[in-house]
Each structure stands twice: as C-alpha cells, then as structure tokens.
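Colleague: Below is one structure. I have some questions about it.
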Amino acid sequence: MVPDGRTTPVASTDLLSAFMALSADLDLPRLLERFVAASTSLTGAQFGAINVLDEHGASVTFVQAGMPAPIVAALANPPHAIGVLGEIPSHGVLRLHDLMEHPAFRGLPAGHPPMHSFLGTAVRVGEEIFGYLYLSEKVGGFDAGDEAVVTALAAAAAIAIQNAQHYEAAMRREQWLRAGQQITTMLLEGADEEDALLQIASTAREIAHADTAALVLPGMGGELVMEIVDGRGREKLLGLTMARMGRSWDAFATGQGALVPSLATARDPQLAPLREFGPALYAPLLSSGHYMGVLVLLRTVGRAPFDASDLDRAQSFAAQAALAFVLAEARRTHDAAALLDERERIARDLHDLAIQQLFATGLQLETVRSRTADGSDPRLTRIVETALDNVDSSVRQIRVIVHALHNPDTATPLVERLQRECALARTGLGFDPALEVVYEGHPIGAGPGDIAAIARMDDVLGADLAGDVAAVAREGLANAARHAHSTTVWVRVSVAGSGRGGTVTIEVEDDGVGLSPERDRHSGTKNLATRAGRHGGTFTLGTPPSGRGTLVHWRAPLA
C-alpha cells in the first residue's frame, strides 16, 4: 500500500445517494452494476470491476465498468485471484501507485489496456468474502479518501447483497414449490406420465438456471438410462446409459443427492457426451422408499457451480414429484377398484334381477304353451314359442354381458394387455420388464402395421386362452417382483399355427437369485399349473440356460 496522505473530498450527499441506490435494488446483477458504477464515480477511477470467485479462485461472476465493449469481447475470460489480485487482503484495502511494478505482477492479457494506479478490496457478506472490487487508472492515483469511500461502499454493498441473496433465495424457493404443485396437479388430473416427466425436466432446468436437465430412469437390462432430456445437447444425451459406478447410480441406490464441480474430466468413454458440461447436480426421485430415478441438472463449462441450497431445493422438488407419481398411481388404482366394484354391482343386479325375471316370464310362457298344446290355436302357439326363444336369447346375452363385466379385458387385444401388465409390474420390480410377442415367427407390437396380425392372433387364441396367457404373464411378473431380486425380467410370448395343431408359449425369465431349495413347490405356481391343465398344456418352473435366475415356461395347444 502507498499511503501518501492525499484525500479526495466526496460529498456526504453523494455517498448517501449511493447507499440508497444500493439498498433499493434486490436484483443481484443490477445491484453489482450499481456498486461498480458508484465506486468509479465517487473515486474518479477510469476502470472498475467486481469479481465473484468460487472456492477454487475461479471467477463465476464478473461485472465491469469503463472498459470498451470490443476489448471486453476480445478478452473473453475474466481474471482469477492470482498475481497482484491474489494479494488483496481479506480486511482493508490494497492501494498501489503502479500495479505493473508490484512484485506479484504477472502481466496482462493480450489486448488489455495498461493498468497503473490500483485500489482493491474484499466485499464481505458477514465473515464470507462475496467478491473483490478492483479500481484502476485514477488520474493522480488513489488516496486515503478513496480508501474510506470504497470501504464504506463495500460495507453498504455487503448488506444490499445479503438482502438480494435472501430475496433471490425466497423467490427461488417459491418457484420450486409452485413447480412441485403444478406437477402434482397434472398427475392427479390424469396427465400422461411422459408429459409429466417432460414438465419436471423443463421446469427444473428453468428454475435452477441450468443449461440442461435430464431424468435418468431404470431401463431394459437393469440399466439406468437418460430417458428424458431438456436443453442443450439433447440429441447426444438422450438414451445415454449411465456408468455402473457413476454418480447417477450412487444417487439412485442411496437416495442421496450430490454436487459435482465439473464433468469435463469424466474418464469413462461411455459418458463422453457429458464432458462438455461443467457443474452438475444429482437429485434422486424418491418417495416413501420408492426409487423412481434421478434428476440431473447440468451447466456448461465456466458457469457457476451449483451450491448446497440448489441441491436442497432440487431434492425437495424431486421428492415432491416422486410423491405425486405415487399419489397418482394410488388414485388410478382406487378408481380402477371403484370401477370394478360398480361392474360387480351391475353384474349382480343383472343376474339376480333381470335373469330371474326372465326365467319367471319363461315359466309363465311354458304354462301357456302347455295349455295350447292341443293345437286348437296354431297362431297363439307360434307366438308363445317365439316369445320363449326371445327369452332364451335375452338370458344368453345378459350372461355374456355379465361375463364381460367380470372380465373387461376380454375385448382388449392381448398385446395391449401384456404391455399393461409389464407397465404395472414396473412399480414392484423398480424397472421396466422387456416384452417380446411373436406371431407366426414375426415379432409384433402395437404399431399401425401390426393391427392385422394382432387381430389374427386374438382370433386363433380365443378369449379364454388369451385371458390365461395374460394371467400367466401377470403371475410370472409378480413372482419375479416378490422373490427374484433381479435387475432384468423378460416376458416372451409366441403363437404358432392355428386350431389343435397350433401352440401358444409364454416364458417369464429373470436374472435374480434363482429357485430356493426350501421353496414350497406349490406356492405361487399352482394357478399356473391349473391354467395349463385346463387347456391340456404344460407348465415348468426351472433355471434358464444362462444358469442364473428363474424361468417360467407355460405352453398350451390352441383351441
């Protein structure tokens, strides 16, 4: 420091006006601009800047005044706390007559204007240094009066910055809460699950000021995959499989979020698309022990890292979103149960009331027919017989309706029913099982081109056998969820031929712990054997060719 005793008078009204301007603004970027502008104006410095650094000394926010725009654009990168800038004390100021003569001076970037007179000080928020103020190029150099002005301004700025930070934190917290409520409302109103997942990603990216947001969800083969991506690099990241020992797996397995300073040094070649990003945040989608996936927020290299408050809010939002999915699933289950109850009630009413009344009417008509059996009135006999036929037809139709009410899936294509069983099994398994349906040697799905094949397959199976195939898939998946502790489950259905010469085969295979030697061989599988026996088919429960896990094999001839 070079205390030369000179002072620069500053009107108290000017300083007070600067204080008022700082305290009146709660927007942090504008506040920093006002702080730098007031510092240069009150001291007479040509150049001024405030540099906000991270814990490693790298600049995360840099606001300057006085430097021509072309030079700012050419310099590109803000300065770090090294050289002379690293000599600024935590308390007090560093005042130099010539910056370039200081022993710690390391030179200026190409194109940077020369800097001689210099005044620097730390801007403290409580005991934490928020940033550093740099002033340079005052005609005649800085003096003790400038030190007093800068010290007072820094103290006022610290209070204003703290207020702005608290305000920003409150606004951000409100945004997260409002976003969580929006997701809950969407799901409880019956929104499509994928739409809700996209909303989670886009909302989180916007609120967290991230460049990219991704949802990592369990996929086929027990892997974690980036299923939903919003923002920069979407094409490269979508479908990316996470490394088994990576942070996504840690967050998914432990339920604990994490902050990463930079992904630019990621070594796993599998994760190369992530190397263009710097700071990252991992927040598990977890509710009541149910692990859905991981919310990943990314910022590009050079941007400010996420902090602990970002992680806390993102984790709360992710937990609320996961709870919304659980509540929506519970509501769908409740609605389905209520619908089934209503179907049961209608079926009972049809059986107990309508059919009984028709039987009574039939008996009355039988009495009339017996009394006209002598043929004295052929016309009346024909009317009575026609009425009896109508009664019998009505009874048969009502019985079909009752059966359909008890089994609403009979009108749903088997492929769709199998897909639904796999989707429902995800809750118990923690991942999506793989489904493969083959008809006459050709794989089919639910696409427009497969409609004809789906219809033909349903025709050759018949409603009864198709219902048993869906039930076998359901029970096989349930057994895997309860006992297998697996990471992958495959459901394979194959239909070949038609009539008694054709067969339907269904296999449910997992890669779990396999069969227990102490297992009761009738528990959980008796229904499968019974269903196979009804159709003259076979059922086995054993170990797959891989030697790991369990294989349910069920086969029956076509009717």
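The values are calculated or read from the model by the stated rules, or taken from the named source; none is laboratory data. Worth saying up front: this structure is predicted, and the values here are computed from it rather than measured. Reconstructed Cβ throughout: ideal geometry from the backbone, glycine too, with neighbour counts over all protein chains shown.
Colleague: Considering the stretch 471-499 alone, what residues qualify as being among the charged types (D, E, K, R) and out of contact with any Leu (no Cβ under 7 Å at 6 or more places or on another chain)?
Modeller: Result: Arg474, Arg482, Arg492.
Colleague: While we're looking at this one, here's another question. Is the stretch 519-531 home to any residue that is outside any loop (DSSP other than H, G, I, E, B), farther than 26 Å from Arg426 by Cβ, over 40 Å from the mean Cα position of the chain (by Cα) and modelled with pLDDT of 90 or more?
Modeller: no
Colleague: Sticking with this one: Considering only residues that are farther than 26 Å from Leu435 by Cα, assigned to a helix (DSSP H, G or I) and among the small types (Gly, Ala, Ser), which ones fall in the stretch 221-267?
Modeller: Ala251
Rundown of residues vs (1) touching a helix residue (DSSP H, G or I) at 6+ places or on another chain (Cβ under 6 Å); (2) of a type in the set (Phe, Trp, Tyr); (3) at pLDDT below 85; (4) buried (at least 18 other Cβ atoms within 10 Å of the Cβ), yes/no style:
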| position | (1), (2), (3), (4) |
| --- | --- |
| Thr254 | no, no, no, no |
| Val260 | no, no, no, yes |
| Ala264 | yes, no, yes, no |
| Pro269 | no, no, yes, no |
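Colleague: Are any of the residues in the stretch 121-135 closer than 23 Å to Ile71 by Cα and without any contact (Cβ under 8 Å) to a residue 40 or more places away in the chain?
Modeller: So far as the stretch 121-135 goes, no, none of its residues is closer than 23 Å to Ile71 by Cα and without any contact (Cβ under 8 Å) to a residue 40 or more places away in the chain.
Colleague: Separate question: Check Ala144, Ala169, Ala243, Ala160 and return the single one that is farther than 23 Å from Ala321 by Cα, in contact with a helix residue (DSSP H, G or I) (Cβ under 8 Å, 6 or more places away or on another chain) and surrounded by fewer than 21 Cβ atoms within 10 Å (Cβ to Cβ).
Modeller: Going through Ala144, Ala169, Ala243, Ala160 in turn, just one is farther than 23 Å from Ala321 by Cα, in contact with a helix residue (DSSP H, G or I) (Cβ under 8 Å, 6 or more places away or on another chain) and surrounded by fewer than 21 Cβ atoms within 10 Å (Cβ to Cβ): Ala243.
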